[in-house]
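One structure below.
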Amino acid sequence: MNDGQARLLPLRLGIVNAFLLRGREKHVLVDTGTAGKLSAISGHLERCGVSLTDIGLILVTHAHPDHIGSLADIVQATGAKVVVHRQEVEHLRGIVPDILVDDEFDLNLYGFAGKVIWTPGHTRGSVSVVLESGEAVVGDLVLPRFMAFGPPAIAFWAASRDDSLASIRRVLELKPTAIFASHGGPYRPETVAGLVRSRA
């Protein structure tokens with residue numbers, strides 16, 4: 001790609017989704033699934049015409065085991081830099097991140113048209129990615145109501161329901177055209193907005 005616009009591709013890894021953001025030269029991998037997913041991720045990437053060594057950044061939406069289970073293996077295979085919110089570092093199981101996010105992180109600095117924003121709620125240090133092309137990846141900020149299917153909902157085990165609602169509002173204020181979750185989805189923004197309206 002030569003226009004600087006990232007292209008988002010979901011990578012299905014069983015119970016969870018990872019995501020590939022295609023950049024001009026290097027690419028971003030969002031999350032790494034559960035343990036033992038290196039081969040599955042490599043296969044997905046190959047079908048997209050991308051090799052493991054083409055990954056320049058690995059973004060961790062939050063440090064739950066189904067999102068960082070294969071992180072160490074992917075870091076070793078790619079040599080990519082790890083981006084995570086400061087409040088998730090202690091949960092990374094020995095991985096030392098290269099870039100710490102506080103409130104926002106500009107992906108344009110690395111050749112991707114978009115940014116990482118802090119969206120606490122599911123965990124204290126959860127982050128989302130909002131691309132200039134309109135897509136948003138929100139990790140577990142929203143989940144299917146019935147875990148594997150159904151409309152978007154907020155997980156009952158979220159660290160803070162109020163923070164989750166505030167974070168959903170923040171994502172929606174950026175006018176995404178589609179919202180991609182790590183489980184289920186993608187969702188239309190107006191569907192996700194219903195979560196906020198029902199608690200207004």
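The values are calculated or read from the model by the stated rules, or taken from the named source; none is laboratory data. What you are looking at is a predicted structure, and each value in this text was computed from that prediction instead of being measured. Cβ: placed from backbone, ideal geometry, glycine included. Neighbour counts: every protein chain shown.
Below are the figures for this structure:
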{"item": "Any hit, the stretch 172-181, residues being acidic (Asp, Glu), modelled with pLDDT of 95 or more and outside any loop (DSSP other than H, G, I, E, B)", "result": "yes"}
{"item": "Residues of the stretch 70-99 classified as of a type outside the set (A, V, I, L, M, F, W, C), surrounded by fewer than 20 Cβ atoms within 10 Å (Cβ to Cβ), outside any helix (DSSP H, G or I) and out of contact with any strand residue (DSSP E or B) (no Cβ under 6 Å at 6 or more places or on another chain), total", "result": "3"}
{"item": "Among (1) crowded, with 24+ Cβ neighbours inside 10 Å; (2) under 20 Å from Ser164 (Cβ atoms); (3) not aromatic (Phe, Trp, Tyr) - the single one Ile58 does not satisfy", "result": "(2)"}
{"item": "Flag for Phe180 being in contact (Cβ under 8 Å) with a residue 12 or more places away in the chain and surrounded by fewer than 16 Cβ atoms within 10 Å (Cβ to Cβ)", "result": "no"}
{"item": "Selection from the stretch 108-126 of residues that are modelled with pLDDT of 95 or more and under 15 Å from Leu57 (Cα atoms)", "result": "Lys115, Val116"}
{"item": "Looking only at the stretch 13-53, and only at residues there that are free of Cβ contacts under 8 Å to residues at least 40 places away in the same chain, within 20 Å of Val116 (Cβ to Cβ) and not aliphatic (A, V, I, L, M), the one that is surrounded by the fewest Cβ atoms within 10 Å (Cβ to Cβ)", "result": "Arg22"}
{"item": "Residues located in the stretch 143-157, provided they are assigned to a loop (DSSP other than H, G, I, E, B) and out of contact with any helix residue (DSSP H, G or I) (no Cβ under 6 Å at 6 or more places or on another chain)", "result": "Arg145, Phe146, Met147, Ala148, Phe149, Gly150, Pro151, Ala155, Phe156, Trp157"}
{"item": "Some residue of the stretch 115-132 being among the charged types (D, E, K, R), in a strand (DSSP E or B) and touching a helix residue (DSSP H, G or I) at 6+ places or on another chain (Cβ under 9 Å)", "result": "yes"}
